[in-house]
Amino acid sequence: MIDRNTPPKESEINAFLRLIDFTLPVGFIDFFNETNGADIITDNHYVVLWPLTEMIKLNKEYKVEEYAPDFFIIGSDGGNTAYAVERSTGFIFELPFIVMSNEEAVFRNKTFTEFVASLKSKFFVGDLIRREIFLSGMCLNSIFPN
């Protein structure tokens, strides 16, 4: 289920695009043309996509440029996990809000469209990577919850 907010105005989208200096993922603007943020709820995932009109302000408040300058956060799981765009590629990554850094980023998807579609599956690619790390004996509790 996608609980969509009222779409942003064209002027708000254009203002956002003027203020950013990085690559957006494929499908991102198409999605945000239809909604100014959304809650995506599936059997396996909950994602809060921040309103486009608040993303820049929220990234400043979370000091993303200071702690993880290669990324721009677009939402979260409603808890300790942020979803972010890698500025150089436009790919989607997962970042922890606590101990946020470029080094803690876990790849999710190449496009925004794939990211939204992947929410229907049981695991993200990063979940499988974390399982492999765990099974190899390198259990990292900060990225592999019990």
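The values are calculated or read from the model by the stated rules, or taken from the named source; none is laboratory data. As the structure is a computational prediction, the values presented were derived from the model and not from experiment. Every residue, glycine among them, receives a Cβ derived from its backbone with ideal geometry; neighbour counts consider all protein chains shown.
Table: residues versus (1) touching a residue at least 60 places away in the same chain (Cβ under 8 Å); (2) farther than 17 Å from residue 115 by Cα; (3) assigned to a strand (DSSP E or B).
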| residue | (1), (2), (3) |
| --- | --- |
| 3 | no, no, yes |
| 7 | no, yes, no |
| 14 | no, yes, no |
| 17 | no, yes, no |
| 23 | yes, no, no |
| 65 | no, yes, no |
| 78 | no, no, no |
| 84 | no, no, yes |
| 93 | no, no, yes |
Suppose the filter is more than 18 Å from residue 114 (Cβ to Cβ) and either at pLDDT 95 or above or under 13 Å from the mean Cα position of the chain (by Cα) (or both); does residue 49 pass it? no
When segment 109-120 is checked residue by residue, the ones that are surrounded by 21 or more Cβ atoms within 10 Å (Cβ to Cβ) and closer than 18 Å to residue 22 by Cα are 109, 112
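Any idea how many residues of segment 30-39 are surrounded by 15 or more Cβ atoms within 10 Å (Cβ to Cβ) and not aromatic (Phe, Trp, Tyr)?
5
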Check whether at least one residue in segment 36-43 is more than 13 Å from residue 85 (Cβ to Cβ), small (Gly, Ala, Ser) and either part of a helix (DSSP H, G or I) or in contact with a Leu (Cβ under 9 Å, 6 or more places away or on another chain) (or both), and report yes or no. yes
Looking at segment 46-60, is at least one residue assigned to a strand (DSSP E or B), in contact with a helix residue (DSSP H, G or I) (Cβ under 9 Å, 6 or more places away or on another chain) and buried (at least 18 other Cβ atoms within 10 Å of the Cβ)? yes
Looking at segment 91-108, which of its residues are surrounded by fewer than 18 Cβ atoms within 10 Å (Cβ to Cβ) and within 11 Å of the chain's Cα centre (by Cα)? 96, 106, 107
